[in-house]
Amino acid sequence: MAVPLLDEEFRLWAEWIGEELGHRWGPERREILRTRLEPRRAALGLESFDALLFHLRFHPEREAERARLVPHLTNNESYFCRERGSLEVIRDEVLPELAGRLGAGGQARLLSAACAAGEEAYTLSILARESGFTGPGTLRVTGMDVDPAALDKAQAGVYGTHAFRGTDPGWRDRWFDPRGEEAWEVKPEVRAPVRFLPGNLVRDGWWNGLPPQHLVLCRNVMIYFDEAAVLKAAQGLWEALAPGGYLFLGHAESLRHVPVPFELQRRPGALFYRRPEEDA
Ligand SMILES: C[S@@+](CC[C@H](N)C(=O)[O-])C[C@H]1O[C@@H](n2cnc3c(N)ncnc32)[C@H](O)[C@@H]1O
């Protein structure tokens, strides 16, 4: 039987989601939240959403339950070669500049922060290969996301037609092997420089295990964040970047009101940020 999400429960859940994920969850999306929480409430046999929140805060197995719940609260929408304007700037300007700066044998380190099921990380791997980063150890691509189910899919590297809607079949067949009907697996040479890690953009220190990154894509995730979370994420992205490193956000995102001293750069069809070579 359907259980309602009461006013006070909704308030406490919105607060928990804000603390855990940085997401703003407005009252107009209350019914959506109820339907997202319902499968976990029902699976645990709990009588209310209040009891589910109590379980998440205090149960000895709360971490495992959190991992099961987070995929219900995230939107993993992504596809290969998304937002081509930015990818063209990366191909025509960023990767050539990095190749020149790093020299033969230097390693380009690229990060897809909030990588969903890996489409963006593998897109970066392909772009870098096409730009000549093919030698042993010359490329390291990291995909990071808070959603463990999305990371499992990224690791598997097998995609259906939906993930290829921004590309043509020639591109797909060049970089992916068919796996049965309407599924394709990323080729070994594209997969080899890519690894996936769990990480939460609104937690301190998610970047600690990473060497300084030359290029970070953090796209289509801050649209879900409240103001405090955008600031927290921007501070973390600054820490993750090497001096001189590049940051690309999604088209609908900006750091306009964020007091982190990135340099804004504009190109036709794209804008991006740089951490200056020398910190002020
Ligand atoms: C809409 S997808 C964007 C994927 C890809 N960056 C793109 O632009 O196509 C948003 C992703 O952000 C992840 N995400 C949401 N909140 C996050 C957080 N606090 N830290 C890290 N990842 C988060 C979600 O799990 C989801 O996979």
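Among the numbered conditions (1) within 15 Å of the ligand (Cβ to nearest atom); (2) over 10 Å from the mean Cα position of the chain (by Cα); (3) part of a strand (DSSP E or B), the only one that residue 140 does not meet is (1).
Table: residues versus (1) more than 13 Å from the ligand (Cβ to nearest atom); (2) modelled with pLDDT of 95 or more; (3) not hydrophobic (A, V, I, L, M, F, W, C).
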site: 96; (1), (2), (3): yes, yes, yes
site: 108; (1), (2), (3): yes, yes, no
site: 144; (1), (2), (3): no, yes, no
site: 160; (1), (2), (3): yes, yes, yes
site: 165; (1), (2), (3): no, yes, yes
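Scan the stretch 231-272 for residues that are in contact (Cβ under 8 Å) with a residue 60 or more places away in the chain, within 24 Å of residue 197 (Cα to Cα) and out of contact with any strand residue (DSSP E or B) (no Cβ under 9 Å at 6 or more places or on another chain) and the total you get is 0.
All conditions in (1) assigned by TED's automatic domain parsing to the domain that holds residue 246; (2) under 16 Å from the mean Cα position of the chain (by Cα); (3) on the phi < 0 side of the Ramachandran plot; (4) not polar (S, T, N, Q) hold for residue 79, with the sole exception of (1). Within the stretch 18-34, the set of residues being crowded, with 18+ Cβ neighbours inside 10 Å and near the ligand (Cβ under 10 Å from one of its atoms) comprises 21, 22, 23.
Are any of the residues in the stretch 221-241 assigned to a loop (DSSP other than H, G, I, E, B), in contact with a Lys or Arg (Cβ under 9 Å, 6 or more places away or on another chain), farther than 26 Å from residue 67 by Cα and assigned by TED's automatic domain parsing to the domain that holds residue 167? Within the stretch 221-241, none of the residues are assigned to a loop (DSSP other than H, G, I, E, B), in contact with a Lys or Arg (Cβ under 9 Å, 6 or more places away or on another chain), farther than 26 Å from residue 67 by Cα and assigned by TED's automatic domain parsing to the domain that holds residue 167.
Total residues in the stretch 196-232 satisfying the condition of being more than 18 Å from residue 271 (Cα to Cα) and not aromatic (Phe, Trp, Tyr): the figure is 21. Of all residues in the stretch 197-236, exactly one satisfies the criterion of being within 8 Å of the ligand (Cβ to nearest atom), surrounded by fewer than 23 Cβ atoms within 10 Å (Cβ to Cβ) and of a type in the set (Gly, Ala, Ser), namely 229. Counting only helices (runs of 4 or more DSSP H) wholly contained in the stretch 59-126, the ones carrying 3 or more residues that are touching a helix residue (DSSP H, G or I) at 6+ places or on another chain (Cβ under 8 Å), free of Cβ contacts under 8 Å to residues at least 40 places away in the same chain and not hydroxyl-bearing (Ser, Thr, Tyr) occupy 62-73.
Is it the case that residue 152 is at pLDDT 95 or above, farther than 21 Å from residue 255 by Cα, under 18 Å from the mean Cα position of the chain (by Cα) and near the ligand (Cβ under 9 Å from one of its atoms)?
Judged against the criteria, residue 152 is not a match.
Across the stretch 161-181, the qualifying residues are those that are loosely packed, with under 11 Cβ neighbours inside 10 Å and outside any helix (DSSP H, G or I), and the one among them that is nearest to the chain's Cα centre (by Cα) is 165. Within the stretch 67-89, the set of residues being more than 27 Å from residue 131 (Cβ to Cβ), more than 9 Å from the ligand (Cβ to nearest atom) and surrounded by 18 or more Cβ atoms within 10 Å (Cβ to Cβ) comprises just one member, 69.
The values are calculated or read from the model by the stated rules, or taken from the named source; none is laboratory data. If you're wondering where the values come from, they're calculated on a predicted model, not measured in any experiment. FYI the Cβ positions are ideal-geometry reconstructions off the backbone, even for glycines, and counts take in every protein chain you see.
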